[in-house]
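Comments concern the structure below.
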Amino acid sequence: MLLHSSFAQILFVNNLAQGKYSDRQCNFEAASTFFEPPIESPPAMTSIEAWYMGNNVVDQTAENRMDPNEPVTISDLRDLGVIHWHLPPVEDYPAKAVPWEPKNGIQDKQLAAIRDSRGYNYADIITCSEECLPDYHNKLKAFFEEHIHSDEEVRYILKGSGYFDVRDLKDRWIRIRLSAGDLIVLPEGIYHRFTMDTKNFTHAMRLFKGVPVWTPINRPADTHPSRERYLQRFQPEERSSTWSIVSCFRGLAQGWQKLGN
Ligand SMILES: [Fe+2]
């Protein structure tokens with residue numbers, strides 16, 4: 001639920017209005033002149049990398065790779081419904097803009113084409129860092145709660161970096177590293193979570209179809225319609241096998257019932 005909390009945003013705005021954050025850290029208006037991540041971002045041509053991780057996580061911001069490393073390919077991610085583009089941002093975006101209206105701002109044709117083709121008609125821009133997000137460390141823990149959504153989760157990383165973790169179809173965690181220029185779509189119903197990395201800085205655009213709903217549905221959510229839809233889309237064979245077994249048992253039970261009558 002990367003930065004889903006509108007409450008946090010409200011707090012941020014209020015605190016900013018009260019002068020609790022310096023202009024250098026989180027100023028909306030002068031963003032382009034000061035707005036740099038604390039540690040240099042990877043080169044623009046880098047793309048996402050993904051790998052399996054264990055269940056026992058001591059430090060959620062660490063890489064948490066298996067030993068030896070078990071890489072996951074873009075194709076593997078696509079099989080789970082995870083889609084990715086790499087679009088180096090064309091300009092400096094503001095530190096925060098809720099909502100973000102591209103008609104009045106930066107014209108990014110590649111991004112616009114994706115927005116149009118997939119129907120993302122809402123966007124906003126947020127910054128997650130210790131300076132810009134009140135109660136930062138507790139928020140970090142909240143982001144890391146496993147959950148699903150009843151819509152796609154779409155994030156475009158403008159600066160900084162972070163990790164999305166998604167479950168594969170055998171319920172193993174895959175860690176996906178995102179950095180500036182990575183645009184990712186998590187499908188409706190996939191179990192996932194987000195964390196900052198050790199750099200503690202993410203500047204991202206959130207995209208949505210229609211009126212945004214940021215509310216996470218925490219696990220267990222196996223009977224939620226969005227989860228069922230996800231399994232039907234991406235686990236059709238196992239799903240149909242399960243339903244066949246269930247139907248078989250139902251048939252047997254009905255048969256015994258008739259014999260008993
Ligand atoms: Fe989420």
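The values are calculated or read from the model by the stated rules, or taken from the named source; none is laboratory data. Remember, predicted model here, so these are calculated numbers, not experimental data. When we count neighbours, we look across all protein chains shown, and the Cβ atoms used for this are built from the backbone with ideal geometry, even at glycine.
Could you list, in sequence order, all residues of segment 137-165 that are more than 10 Å from the ligand (Cβ to nearest atom) and assigned to a strand (DSSP E or B)?
If the condition is that a residue be more than 10 Å from the ligand (Cβ to nearest atom) and assigned to a strand (DSSP E or B), then 154, 156, 157, 158, 159, 160, 161, 162, 163, 165 are the ones that fit.
Somewhere in segment 155-175, is a residue crowded, with 22+ Cβ neighbours inside 10 Å, β-branched (Val, Ile, Thr) and out of contact with any Ser or Thr (no Cβ under 9 Å at 6 or more places or on another chain)?
Yes, the conditions are met somewhere in segment 155-175.
Residue 132 versus (1) touching a His at 6+ places or on another chain (Cβ under 8 Å); (2) within 26 Å of residue 215 (Cα to Cα): which is the lone unmet condition?
(1)
Every residue, every condition in (1) in the same structural domain as residue 162 (by TED's automatic domain parsing); (2) modelled with pLDDT of 90 or more; (3) surrounded by 17 or more Cβ atoms within 10 Å (Cβ to Cβ), yes or no:
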| residue | (1), (2), (3) |
| --- | --- |
| 71 | yes, yes, no |
| 96 | yes, yes, yes |
| 99 | yes, yes, no |
| 105 | yes, no, no |
| 109 | yes, yes, no |
| 113 | yes, yes, no |
| 117 | yes, yes, no |
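Is it the case, given these coordinates, that residue 131 is more than 17 Å from residue 196 (Cα to Cα), among the acidic types (Asp, Glu), assigned by TED's automatic domain parsing to the domain that holds residue 194 and part of a loop (DSSP other than H, G, I, E, B)?
Here the answer is no, as residue 131 does not meet what is asked.
Using the structure shown, decide if residue 213 is out of contact with any strand residue (DSSP E or B) (no Cβ under 8 Å at 6 or more places or on another chain) and within 15 Å of the ligand (Cβ to nearest atom).
yes
Considering only segment 189-196, I want to know if a residue exists there that is in contact with a His (Cβ under 8 Å, 6 or more places away or on another chain), part of a loop (DSSP other than H, G, I, E, B), within 15 Å of residue 143 (Cβ to Cβ) and in the same structural domain as residue 127 (by TED's automatic domain parsing).
yes
Restricting the search to segment 176-218, which residues are surrounded by 20 or more Cβ atoms within 10 Å (Cβ to Cβ) and free of Cβ contacts under 8 Å to residues at least 60 places away in the same chain?
Matches in segment 176-218: 189, 191, 192.
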